[in-house]
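What follows is a single structure, written as structure tokens, with notes after it.
The values are calculated or read from the model by the stated rules, or taken from the named source; none is laboratory data. In this text, all values refer to a predicted model and were calculated from it rather than measured experimentally. Note: ideal-geometry Cβ built from the backbone for every residue, glycine included; neighbour counts use all protein chains shown.
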Amino acid sequence: MQTRLPNVKTMTTDLSAEKGPPITVALSQGIPAIPMTLNKTIAANALLDAGSPPGTVFFGPDLVKKRRVKVVDGCSYVDLLAIGPIAYSNVVAYQYGVAADDMLLGFDFLKHFDFVFDYPHARMFMHPNKN
């Protein structure tokens with residue numbers, strides 16, 4: 001006998017035609033994290049944090065130490081920030097105080113995308129919107 005939990009829907013939608021590139025999502029920290037590359041060589045995890053303070057991109061102090069990111073007055077100018085094939089140039093990133101080597105993508109960055117989250121396959125589709 002098979003038991004089903006109440007109010008749980010099984011997703012059977014085919015997402016192969018979904019707009020935007022499929023991006024792998026890590027869920028082990030409890031906050032969705034996606035791989036990101038800074039300046040074509042620095043790999044980092046980007047935590048999707050809609051509740052972060054105003055600003056676009058934040059980085060932890062451990063990232064500065066490990067990857068030798070140049071910081072002036074708590075800011076770093078990133079020549080190229082890439083999430084899969086989505087790339088931005090000349091991004092200002094701000095340092096936050098929590099010891100971590102992760103990046104935070106705050107609401108000011110996230111609001112420019114529509115998201116489809118494919119939880120069973122640990123992936124997300126990010127499609128730029130008109131914001």
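When you check residue 4 against the structure, is it charged (D, E, K, R), at pLDDT below 80 and surrounded by 15 or more Cβ atoms within 10 Å (Cβ to Cβ), yes or no?
On the way: charged (D, E, K, R): yes; at pLDDT below 80: yes; surrounded by 15 or more Cβ atoms within 10 Å (Cβ to Cβ): no.
No: the conditions fail for residue 4.
Within the stretch 30-44, track down each residue that is touching a strand residue (DSSP E or B) at 6+ places or on another chain (Cβ under 8 Å) and closer than 15 Å to residue 69 by Cα. Working first, answer last.
From the stretch 30-44, those touching a strand residue (DSSP E or B) at 6+ places or on another chain (Cβ under 8 Å) are 31-40, 43-44; that's our starting set.
Listed by number, the residues that qualify are 36, 37, 38, 39, 40, 43, 44.
Taking strands (runs of 3 or more DSSP E) that fall entirely within the stretch 29-131, which contain at least 3 residues that are within 24 Å of residue 19 (Cα to Cα) and touching a residue at least 60 places away in the same chain (Cβ under 8 Å)?
Details: elements: 33-38, 42-49, 57-59, 75-83, 86-95, 103-106, 113-118, 123-128.
Where strands (runs of 3 or more DSSP E) fall fully within the stretch 29-131 and carry at least 3 residues being within 24 Å of residue 19 (Cα to Cα) and touching a residue at least 60 places away in the same chain (Cβ under 8 Å), they are 33-38, 113-118, 123-128.
Go through the stretch 92-107 residue by residue and tally those that are over 22 Å from residue 43 (Cβ atoms) and under 12 Å from the mean Cα position of the chain (by Cα). Even if it seems obvious, please write down each step before you answer.
So the first thing to find is which residues in the stretch 92-107 are over 22 Å from residue 43 (Cβ atoms), and the list is 97, 107.
Those left that are additionally under 12 Å from the mean Cα position of the chain (by Cα): 107.
Of the residues in the stretch 92-107, 1 are over 22 Å from residue 43 (Cβ atoms) and under 12 Å from the mean Cα position of the chain (by Cα).
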